[in-house]
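Right, one structure below, let's go through it.
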Amino acid sequence: MKLVLVAIAVILVTIGLVKLVDKFIPSKFKPLLQLVLWVLIAFFGYSTFQSIYAPIQFNKTKNKRYEQVIKSLNDIREAQLAYRKVTGKFAKTFDNLVKFVDTAEFTITQRRDTSVIDEVLTKQFGVDMYEDQVIIDTLGFVPVKDSIFKNSDRYKTMMNVPVGEEGAKFELKAGFLEQNGTNIPVFEALVKKNVILHDLDKDLLAQENQVVSVDGVNGDALKVGSMEEVNTAGNWPKTYGANE
């Protein structure tokens, strides 16, 4: 904002100089000086326009790219949650995760509550005594890829960052955190903002890497999950879509 005000002030001063030149400078020098001054006015006018327009275009491009990256991060999270449901842990590599989605199945079960005779108590008291039991029936199986990705095979390329630097891939980590003597599985998938926005204005990119806002993506990366805490949420605000 300060740059805009300075540029506007310089433009006004330059216009004032043009009028002074027209009034006080000898006629033979006027054309050249006026040309120089009008060039300066055009330059500062363009600079002012760019100082306003460049951030608007940066944010427009940034938001569009973030939305595409977040779709991929959501796919990774869904695949990881399915992996944990079946195996009890998260996948450490995309090769393992893709192979799992391609071949694994969810078990469809049904829970039934029932009562059966407790032979020990029945013998002890001389009357029929019952105990409650839960029976889990297996009804069938459904492929993980059909359950999560329907008719799409995009899970095969979910490791690729869809925008930004060509050939870039998401970073993937997985392991365990110990809490109260229990090892809890955790994972994290991320890509740096420098990769997503590598070809945009470097000054605006540097500012984006330092964002701390409830309406922005804090930090220097887009990510889902965490290796520091038990968390499978994304670090983006809900204006970009669901982050949990």
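The values are calculated or read from the model by the stated rules, or taken from the named source; none is laboratory data. A quick note: this is a predicted structure, and the numbers were derived from the prediction, not measured. We place every Cβ from the backbone using ideal geometry, glycine too, and count neighbours over all the protein chains shown.
Selection of first residues in the stretch 147-165 that are under 16 Å from Val224 (Cβ atoms) and surrounded by 14 or more Cβ atoms within 10 Å (Cβ to Cβ) and of second residues that are among the polar types (S, T, N, Q) and modelled with pLDDT of 95 or more, restricted to Cβ pairs under 6 Å at least 6 apart or on distinct chains, gives the following pairs, ordered by first then second residue: Met158/Ser72; Pro162/Gln68; Pro162/Ser72. Per this entry, Glu171 is not counted among residues that are of a type in the set (D, E, K, R), modelled with pLDDT of 95 or more and in contact with a Lys or Arg (Cβ under 7 Å, 6 or more places away or on another chain). Of the helices (runs of 4 or more DSSP H) entirely within the stretch 62-160, those holding at least 1 residues that are at pLDDT 95 or above occupy 94-103.
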